[in-house]
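The values are calculated or read from the model by the stated rules, or taken from the named source; none is laboratory data. Remember, it's a predicted structure, so these values are computed and weren't measured experimentally. Cβ atoms come from the backbone with ideal geometry, glycine included; neighbour counts cover every protein chain shown.
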């Protein structure tokens, strides 16, 4: 029996490559939409703290890597040194971070959270915890773990140098 290749003809045979392509596009849009909605909601979350997403992101990372140089910190964030420097400068003006000379090399300046910066991180952690619990409340613990596993796989695939145009 010959298969009809006319694209207008009705065919009950599944088209795996077309289905996979549609699924990939649908998932791509879904990931993008969730990320966009999460960013918008997060902006509202940090607004009462007189912060922005980028300032909060820098502060959160600095709380885990206190005492890094600006160059090392920018590399850790995979961000431009001048962009990170501008955010750090504003955080320093606001009294949330301090730059101190390295005891071993006075030419090197290290970045530390100030006392005020640590208080900010405590508030941010509380609000982020509530935000994350709310945004994930429809998922069971098993589903959250599976989602984290799958997103980690996608993240690893998209790391710099990980994607090659077919």
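Here are a few things to note about the model shown:
- Picking from residues in region 23-49 that are under 20 Å from residue 120 (Cα atoms) and in contact with a helix residue (DSSP H, G or I) (Cβ under 9 Å, 6 or more places away or on another chain), the one that is surrounded by the most Cβ atoms within 10 Å (Cβ to Cβ) is 46.
- The residue list 54, 17, 10 contains one member that is assigned to a helix (DSSP H, G or I), exposed (fewer than 12 other Cβ atoms within 10 Å of the Cβ) and modelled with pLDDT under 90, which is 17.
- Test: residue 88 is touching a strand residue (DSSP E or B) at 6+ places or on another chain (Cβ under 7 Å), part of a helix (DSSP H, G or I), under 20 Å from residue 128 (Cα atoms) and modelled with pLDDT of 90 or more: no
- Residues located in region 131-166, provided they are modelled with pLDDT under 95, closer than 25 Å to residue 41 by Cα and not in a helix (DSSP H, G or I): 158
- Selected residue (only one of 98, 128, 122 is in contact with a strand residue (DSSP E or B) (Cβ under 7 Å, 6 or more places away or on another chain) and at pLDDT 90 or above): 98
- When residues of region 74-93 are limited to those that are free of Cβ contacts under 8 Å to residues at least 12 places away in the same chain and within 20 Å of residue 116 (Cβ to Cβ), the one surrounded by the most Cβ atoms within 10 Å (Cβ to Cβ): 92
- Of the listed requirements (1) within 18 Å of the chain's Cα centre (by Cα); (2) more than 30 Å from residue 27 (Cβ to Cβ); (3) exposed (fewer than 14 other Cβ atoms within 10 Å of the Cβ), residue 124 misses just one: (3).
- Screening region 106-126 for residues that are out of contact with any helix residue (DSSP H, G or I) (no Cβ under 9 Å at 6 or more places or on another chain) and assigned to a helix (DSSP H, G or I) and picking the one that is nearest to residue 87 (Cα to Cα) gives 116.
- For residue 109, the test of being without any contact (Cβ under 8 Å) to a residue 40 or more places away in the chain, surrounded by fewer than 17 Cβ atoms within 10 Å (Cβ to Cβ) and either over 21 Å from residue 39 (Cβ atoms) or out of contact with any strand residue (DSSP E or B) (no Cβ under 9 Å at 6 or more places or on another chain) (or both) is failed.
- Counted residues, region 34-51 - those being free of Cβ contacts under 8 Å to residues at least 60 places away in the same chain and in a helix (DSSP H, G or I): 10
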